[in-house]
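Peer 1: Following this message is one structure expressed as structure tokens.
FYI, it's all coordinate maths here, none of it is from the lab. Fair warning: this is a prediction, and the values are worked out from it, not measured in the lab. Neighbour counts are summed over all protein chains in view; Cβ atoms, including those assigned to glycine, are modelled from backbone coordinates with ideal geometry.
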Amino acid sequence: VGLHSGGFWRPKSLLDTAGFTLSFNDRLRKKHQDSRALWKHESVRKYLETLSKEYEQVSHQLNADSINDFKQRTLRRRHDDLSPIVAAFQEIKEAEREVQELEAMCRELDSRDEKQLLELALEEKETVDKKINMLCRKLFQLLVPKEKYDRSHVILEVTCGRTTGGDICQQFTKEMFEMYQNYADYKRWTFDVVNYTPAEIGGLHHAAAHISGDDVYRHLKYEGGTHRVQRIPETGLSSRMQRIHTGTMSVIVLPQPEEVDVKVEPKDLRIDTFRAKGAGGQHVNKTDSAVRIVHIPTGLAVECQKERSQQMNKEIALRTLRAKLYQQVIEKQLGQEQSARKLQLGTRAQSERIRTYNFTQDRVTDHRISYDARNIREVLSGKEALDKLINRVLEFAEVEAVTEYLENLKALEGGGC
């Protein structure tokens, strides 16, 4: 935190929490699970008023004739940072004044029993309320800095867990992989299957895909972890028992920047070839086109059986291996930084259960945000219902980032640092 020569206050970044280790307040977390609720908090208004005043000061200084080029560039950058935030802040305040006027109108119309006009006023109020909700979300997205890898493509892996019989996990793993494939189509991303190892009874042991498109990692970064299923199996050995079974599968999401510069020495690799399994045409189980590469120093292993050409599979496997090695660097960096965008809910490791899909109750529960989504089939279709769930998680992450920042700011102003 510092002062410009002009005397106005500014943080190092709009929401820079580096160096602070204060824990979250559970009561605030529960209270501020959406942008609209956090917007009503006094600390948020006070902070935004501070930014508005700073914006006015910056604008005033930019119009001064006496500033040098370096200071002008610095002020211009700050002006550009603050401009969309202040604009959203003013829009919300204006919309709130409109709501107050409509509420006053409704009270008067109600007393006069003018039902038709009352209905129109209530409808208009509902429209403005939705606008405020949208603006609040936009405002906090502007306040929270973008993560370094948010715009990256990803490698998404799914692996079945273990349960009695195993078939419930394998079937669920297949459904989840298809869900993400459908979601990629819904978001107009490209979904390229890199590896696919089917189970004997129609399920899936393991699969991996390279997903490319706009902001892929931003949307999928919180999908990593253990997903639990509770259902009465419809097929396989477990179906004969006619009772609710619990199984798990894990999802790993690795950001993959366009250029992954990781040096891999040929002497550190063990390359094996084998016959491909599953769908793929006449070459399946007839030629050794599939490739497995093991990175001996780390023990990391990758497979690819997507292409008929062994050489092409080798190239794809090497690219995947580099992404995994690069991920180790990323995880080390993330582990060294305090980040509210981790939701303060865990490390997103695959050993942590993040979501339960209860078929008997037709409910999907995200345990990190205590959110229930009804109609499992709609979620598993990978379209609007899943997008809504993913956006709820993203919004919660944004709100927690702002909440933590304000708590740290309050501690700082009180002499805590």
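Peer 1: Just subtract the alpha-carbon distance of residue 83 and residue 127 from 0.36 nm times their residue separation and send over the number in nm, one decimal.
Peer 2: Stretched out fully, the residue 83 to residue 127 stretch lengthens by 13.3 nm.
Peer 1: Can you tell me how segment 38-192 classifies by the Cα gyration tensor, rounded, prolate or oblate, using a/c under 1.5 as the rounded cut?
Peer 2: oblate
Peer 1: Roughly how many Å is it from the Cα centre of segment 112-155 to that of segment 87-102, as a whole number?
Peer 2: 12
Peer 1: How far, in nm, would the chain grow between residue 363 and residue 74 when pulled straight, counting 0.36 nm per residue and subtracting the alpha carbon separation?
Peer 2: Stretched fully, the residue 363-residue 74 segment lengthens by 98.9 nm.
Peer 1: Between residue 150 and residue 270, how many nm apart are label points set 7 Å from Cα along the C-beta direction?
Peer 2: The two pseudo-label positions are separated by 4.2 nm.
Peer 1: Pulled fully out, how much extra length does the chain show between residue 53 and residue 298, if you take 0.36 nm times their separation in residues and subtract their Cα-Cα distance?
Peer 2: In short, 82.9 nm is gained.
Peer 1: Related question: Using 21 Å as the Cα-Cα cut-off, could you pick out the over-long pairs in 138/388; 187/388; 40/125; 187/306?
Peer 2: Over 21 Å Cα-Cα: 187/306.
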